[in-house]
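Encoded as C-alpha cells, the structure appears first; notes follow it.
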Amino acid sequence: MRFMQAYREAVDWMYSDPKAIEMYSVKMKLPVDLLKQSMAEFQPKAALQTDKFADLDAAIADAVN
C-alpha cells in the first residue's frame with residue numbers, strides 16, 4: 001500500500017511540477033519541448049494510473065503472446 005501511495009504521489013509530481021521535466025531533461029540530455037511532446041503523445045498521466053484495470057482480457061492475451 002505504501003509503495004502504491006508513493007507511486008501515485010510521484011506521478012502526480014511528475015505531471016504537475018515543471019521542475020520535474022526540467023530535471024529529466026538534464027538527466028536525459030534532451031530538450032524539454034521534446035519530452036513534453038512525448039509525454040503528451042505517448043505517456044499521458046492517465047496511462048500511468050493504477051487504480052483500475054481496463055481491458056484486462058487483452059492485457060492477459062498480450063502477456064501470453
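We did not get these values from a lab; they are worked out from the coordinates using the rules stated. Predicted model, so just to flag it, every value in this text is computed and none were measured. Reconstructed Cβ throughout: ideal geometry from the backbone, glycine too, with neighbour counts over all protein chains shown.
Quick notes on this one:
- Lys, Arg +1 and Asp, Glu -1 on Cβ, resulting dipole of the chain about Cα centre, debye, nearest 20: 300
- For the pair Q49 and M14, label points projected 7 Å from Cα toward Cβ lie 1.6 nm apart.
- A dipole drawn for the chain from +1 and -1 charges on Cβ atoms has a positive end, and of A47, I60, V26 the residue lying farthest that way is V26.
- Expressed as a fraction of 2.2 N^0.38 Å, the value expected for a compact globular protein of N residues, the C-alpha radius of gyration of the chain is 1.36.
- Efficiency of FRET from Cβ geometry, A63 and R2, R₀ 25 Å, rounded to 0.05: 0.45
- In order along the range 2-15, the Karplus-derived 3J(HN,Hα) couplings, from 6.51 cos²θ - 1.76 cosθ + 1.60 at θ = phi - 60°, round to 5, 4, 5, 5, 5, 4, 4, 5, 5, 5, 4, 5, 4, 9 Hz, and Gly and Pro are given as x.
- Non-local lysine pairs in the chain, meaning eight or more places apart or on different chains, with alpha-carbon distances under 25 Å, amount to 8.
- Counting only alpha carbon atoms, the long axis of helix 18-28 and the longest principal axis of the chain meet at about 90°.
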